[in-house]
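Colleague: Attaching a single structure in structure tokens format; questions to follow.
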Amino acid sequence: MIIQFEQEIEEGQKEAIINRVKGLKYKPTEVKTQKGDYLVGTGSKEFDIRSIGSMDGIKDIHIVSDGFKLVSRKWKVNPTVIDLGDGVVIEEGGFQIMAGPCSIEGEEQIRKTIAHLKSQGITIMRGGVYKPRSSPYAFRGLGIDGLKVWYELAKEAGMKIITEVMQVSQIAEMDPYVDIYQVGARNTQNFNLLDELGKGTDKPVMIKRGISGTIDELLSSAEYVFSGGNERLLLCERGIRTYEKATRNTMDLNAVAVLKEKTHLPVIADPSHGIGIRAHVEPIALASIMAGADGVIFESHEIPEEAYSDGQQTLNYNESNRLIDRMRKTFELRKSF
Ligand code: PEP
Ligand code: MN
């Protein structure tokens with residue numbers, strides 16, 4: 001169950017509600033976020049919702065029997081809106097594009113990327129300064145110094161930043177320079193990191209699906225952050241590892257449709273990692289829009305052949321422009337249905 005407390009609830013009222021929940025053999029967990037105070041009750045006994053719902057201090061009560069609760073669509077009437085300021089919003093019914101290189105490589109590359117994105121009306125730039133790489137000998141990112149340079153240039157240009165955080169200790173130093181944290185596929189079940197992104201920041205967090213993670217596991221990862229205190233969450237389908245070897249990953253468009261049903265959080269598609277082949281990024285991006293994605297994140301670089309990472313799935317500027325144009329047309333088509 002999820003109980004939404006009244007904003008002006010008194011301590012005594014809260015205590016009485018918690019005792020009632022315990023009396024039903026439900027385990028109560030208090031959750032305080034930027035947007036509200038909740039009591040999440042986990043248990044299995046059937047009960048009459050009216051036995052609690054009429055108590056003082058309760059704004060609303062909902063039965064949510066899924067393992068994940070706060071991220072479930074079953075209780076929240078209005079879908080989550082991620083407002084980044086300056087008119088940049090990610091929300092159901094809208095369509096946001098985030099683009100940029102896999103890795104931030106240096107000042108000149110940042111400047112060129114910003115100019116390119118601005119020319120296309122894109123206001124969220126992606127890029128990694130902490131790169132999870134399969135090989136320890138591969139480029140592992142420019143770190144916090146690279147992020148600071150990027151931030152200055154992005155701020156000047158009115159561009160928002162989405163970038164990956166890999167460990168708890170990075171959060172405090174990254175926080176002033178980040179608009180959206182990305183949790184990478186390899187870290188989706190790093191529960192310490194998720195806990196800290198709940199407690200240690202109120203910046204939005206986009207959680208990518210684990211390489212072999214199920215949809216429910218992704219939702220449970222999001223539940224960690226929400227129950228830690230941060231409701232500003234996005235989910236990202238980026239392909240999963242299957243027996244198929246012809247593509248880098250198998251983009252699970254089913255997940256986009258299913259997530260849209262199960263959660264009130266915005267759902268973003270990443271066709272670059274999803275298929276991993278430059279020539280096929282476009283059709284998968286367009287298909288993910290028709291599957292219901294609220295946004296697409298993709299990799300672009302002036303010269304993909306020279307990119308420090310993921311060049312094989314990265315679009316050059318001409319290809320990016322074509323994709324952006326076609327995505328916008330596809331979104332218009334979806335809206336017309
Ligand atoms: C990335 O976005 O460049 C990245 C490393 O993504 P993922 O965690 O999905 O592999
Ligand atoms: Mn990448």
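What follows is calculated from the coordinates using simple rules that are stated; it is not laboratory data. Treat the numbers as computed from the prediction; the structure is a model and nothing was measured. As a convention, Cβ positions derive from the backbone with ideal geometry for all residues, glycine included, and neighbour counts pool all protein chains shown.
Colleague: So I268 fits all but one of (1) of a type in the set (A, V, I, L, M, F, W, C); (2) touching a strand residue (DSSP E or B) at 6+ places or on another chain (Cβ under 8 Å); (3) not in a strand (DSSP E or B); what number is the exception?
Modeller: Answer for I268: the failing condition is (3).
Colleague: Looking at the stretch 116-132, which of the residues that are under 17 Å from T314 (Cβ atoms) and assigned to a helix (DSSP H, G or I) is nearest to ligand 1 (Cβ to nearest atom)?
Modeller: Per the stated criteria, the residue is L117.
Colleague: Still on this structure: Specify the residue that is farthest from ligand 2 (Cβ to nearest atom); the eligible residues are those in the stretch 260-281 that are of a type in the set (V, I, T) and without any contact (Cβ under 8 Å) to a residue 40 or more places away in the chain.
Modeller: Per the criteria, the residue is V267.
One line per residue, one yes/no per condition, for (1) closer than 24 Å to M290 by Cβ; (2) touching a Leu at 6+ places or on another chain (Cβ under 8 Å); (3) more than 16 Å from ligand 2 (Cβ to nearest atom):
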position: D83; (1), (2), (3): no, no, yes
position: D86; (1), (2), (3): no, no, yes
position: E92; (1), (2), (3): yes, no, yes
position: G106; (1), (2), (3): no, yes, yes
position: Q120; (1), (2), (3): yes, no, yes
position: R133; (1), (2), (3): no, no, no
position: F139; (1), (2), (3): no, no, no
position: L142; (1), (2), (3): no, no, no
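Colleague: Follow-up. For M98, all conditions in the list (1) within 15 Å of ligand 2 (Cβ to nearest atom); (2) aliphatic (A, V, I, L, M); (3) free of Cβ contacts under 8 Å to residues at least 60 places away in the same chain hold save one; what is the number of the exception?
Modeller: (3)
Colleague: Go through L70, L84, L39 for me and flag whichever is within 25 Å of the chain's Cα centre (by Cα) and without any contact (Cβ under 8 Å) to a residue 60 or more places away in the chain.
Modeller: Within the list L70, L84, L39, the selection yields L39.
Colleague: Find the residue count for the stretch 8-20, including only residues that are in contact (Cβ under 8 Å) with a residue 40 or more places away in the chain and assigned to a loop (DSSP other than H, G, I, E, B).
Modeller: The number of residues fulfilling the criteria is 2.
Colleague: Okay, next question. Only residues that are hydrophobic (A, V, I, L, M, F, W, C), in a loop (DSSP other than H, G, I, E, B) and over 21 Å from the mean Cα position of the chain (by Cα): list them for the stretch 135-185, please. First the steps, then the outcome.
Modeller: Residues of the stretch 135-185 that are hydrophobic (A, V, I, L, M, F, W, C), as a first pass: 138-139, 142, 144, 147, 149-150, 153-154, 157, 159, 161-162, 165-166, 168, 171-172, 174, 178, 180, 183, 185.
Remaining after also requiring in a loop (DSSP other than H, G, I, E, B): 138-139, 142, 159, 165-166, 178.
Listed by number, the residues that qualify are A138, F139, L142.
Colleague: Every residue in the stretch 303-327 that is among the charged types (D, E, K, R), within 16 Å of L117 (Cβ to Cβ) and either within 16 Å of ligand 1 (Cβ to nearest atom) or surrounded by 15 or more Cβ atoms within 10 Å (Cβ to Cβ) (or both), please.
Modeller: Listed by number, the list holds a single entry, E319.
Colleague: Also, I was wondering about something else. Find the residue count for the stretch 80-96, including only residues that are touching a Lys or Arg at 6+ places or on another chain (Cβ under 8 Å) and part of a strand (DSSP E or B).
Modeller: Selection size over the stretch 80-96: 1.
Colleague: Out of all the residues in the stretch 281-337, which are assigned to a loop (DSSP other than H, G, I, E, B) and closer than 16 Å to Q109 by Cα? Can you show your working first?
Modeller: Of the residues in the stretch 281-337, the ones assigned to a loop (DSSP other than H, G, I, E, B) are 291-294, 301-303, 307-310, 314, 316, 336-337.
Those that are assigned to a loop (DSSP other than H, G, I, E, B) and closer than 16 Å to Q109 by Cα: H301, E302, I303, A307, Y308, S309, D310, T314, N316.
Colleague: Now for a separate question. When the residues of the stretch 186-207 are narrowed to those that are closer than 21 Å to I82 by Cβ and assigned to a helix (DSSP H, G or I), which ends up nearest to ligand 1 (Cβ to nearest atom)? Talk me through it step by step, then tell me what you get.
Modeller: Start the filter on the stretch 186-207 by keeping residues that are closer than 21 Å to I82 by Cβ, which leaves 187-188, 193-207.
Keeping just the survivors that are assigned to a helix (DSSP H, G or I) gives 187, 193-199.
Details: N187: 7, L193: 13, L194: 14, D195: 19, E196: 18, L197: 15, G198: 19, K199: 22 Å.
For the stretch 186-207, the residue satisfying everything is N187.
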